[in-house]
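The values are calculated or read from the model by the stated rules, or taken from the named source; none is laboratory data. Predicted, not measured: the structure shown is a model, and the values here were computed from it. No Cβ is skipped: glycine too gets one built from the backbone with ideal geometry, and neighbour counts run over all protein chains shown.
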Amino acid sequence: MRLFDFDQFPATIAAVAAHGGIDATGELLGFAPVAHSGHDIERALDDAVLVVAVGPAYSTKPFAEVCRPHLRAGQVVLVCPSSCGGAIEFKQTLGLDLRDTSIVVADTSTLPYAVRITAPAEIHVYLKLAGGIHLATVPAAETMRVLSTVADVYPAMSPAVSVLETSLGNANPMIHPAISMCSAAQIERTGGDLLFYEEGCTPGVARLMEAVDSERVALGAALGLSIGRDPDVGFDQGYMAEKTYYPGYMAAPGFRGIKAQPRLDHRYFNEDAGYGLVFMRDLGRQLGVPTPTMDAVLTIVSAMMGRAYVAEGKRTMKSLGLDGLSAAGLVGLVS
């Protein structure tokens, strides 16, 4: 295994290189050796069978741009997670038609772990998902081949119908902006000294999350997809002990002990609202599916951050080259 990151993020890469790998505690216990940890993308990609691009939505395009000169026919890229259209954006940035199979690009509906860095070259794994995680390729015909490649490490992964399903399987835009918005005063006052789920998810917050989630499920239905309610999926994943918005998230064993972000200028807004909710809102407009709660969250969060996430258009139908397509056209393009 080789690890790459951009040179503007030197600390983690240097720590792993000095240690020779990563120590893990929690559900995964032990030491994972890393053969190379550095900023040389050509070395990282050389002869790699599987390239896993792990990061927030705003890292997908930069990763694709730096990989583009060095990827070779036959290699497989897994964008983990999709964060709404990840595989599509990666493949288009490579300059490939979505139907091209010379380099297969896949994505997942979510991350396979709940994990946090706890010290240099050390992580704590709160949960390795037991189910409820899906993988798809674009085009979808390659899904089973890629799934078989990762099955020994991720046996809980199952095939999605297409990358439209993995995109809408991303529930973070339903969870993170709502809790962060409603906990903003305490996050700013304490620098994140707050248990994000245990203290941040109250009955009223849970109702807001449910309203956003219902709109996400409706978007899937318009595309002929059965998108699960997030409490149902969270139960299958092993995060949650019951299939409810409240007290399900508040009491979820897999979320226990996870602290809030130290500031509002964080991926919970910048990614999950600025990319995820923007993507879903725009998809809704294209399909004629109303998203009033998503619209309201985006309006309030934009005001709080002094930004205009919708106008920025970081992840839209147009940015993905999908604008103007009907539901049938979208399904046909990625099948």
Among the residues of the stretch 276-307, how many are assigned to a loop (DSSP other than H, G, I, E, B) and farther than 20 Å from residue 61 by Cβ?
5
Among the residues listed as 226, 158, the single one being modelled with pLDDT of 95 or more, in the same structural domain as residue 85 (by TED's automatic domain parsing), of a type in the set (Gly, Ala, Ser) and surrounded by fewer than 19 Cβ atoms within 10 Å (Cβ to Cβ)
158
Within the stretch 205-231, track down each residue that is within 15 Å of residue 109 (Cβ to Cβ), touching a residue at least 60 places away in the same chain (Cβ under 8 Å) and of a type outside the set (Gly, Ala, Ser).
216, 219, 223, 225, 227
Candidate set from the stretch 308-317 (those that are outside any loop (DSSP other than H, G, I, E, B) and not aliphatic (A, V, I, L, M)); member that is nearest to the chain's Cα centre (by Cα)
309
In the stretch 126-143, which residues are outside any loop (DSSP other than H, G, I, E, B) and surrounded by 16 or more Cβ atoms within 10 Å (Cβ to Cβ)?
126, 127, 128, 133, 134, 135, 136, 137, 138, 140, 142, 143
Filter the stretch 38-70 down to the residues that are touching a His at 6+ places or on another chain (Cβ under 9 Å) and of a type outside the set (Val, Ile, Thr) and list them by number.
42, 43, 44, 45, 46
Only one of (1) modelled with pLDDT of 95 or more; (2) surrounded by fewer than 24 Cβ atoms within 10 Å (Cβ to Cβ) fails for residue 249. Which number is that?
(2)
When you look at residue 260, is it free of Cβ contacts under 8 Å to residues at least 60 places away in the same chain, small (Gly, Ala, Ser) and either buried (at least 17 other Cβ atoms within 10 Å of the Cβ) or under 28 Å from residue 123 (Cβ atoms) (or both), yes or no?
no
Are any residues in the stretch 249-271 under 14 Å from the mean Cα position of the chain (by Cα) and within 19 Å of residue 185 (Cα to Cα), and if so, which ones?
267, 268, 269, 270
Looking only at residues that are touching a Lys or Arg at 6+ places or on another chain (Cβ under 9 Å) and of a type in the set (Phe, Trp, Tyr) in the stretch 244-280, which one is nearest to residue 320 (Cα to Cα)?
279
Residues in the stretch 57-69: is at least one crowded, with 22+ Cβ neighbours inside 10 Å, aliphatic (A, V, I, L, M) and in the same structural domain as residue 150 (by TED's automatic domain parsing)?
yes
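Yes or no, residue by residue, for (1) more than 20 Å from residue 96 (Cα to Cα); (2) more than 22 Å from the chain's Cα centre (by Cα); (3) without any contact (Cβ under 8 Å) to a residue 40 or more places away in the chain:
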| residue | (1), (2), (3) |
| --- | --- |
| 14 | yes, yes, yes |
| 24 | yes, no, no |
| 51 | no, no, yes |
| 59 | no, no, yes |
| 78 | no, no, no |
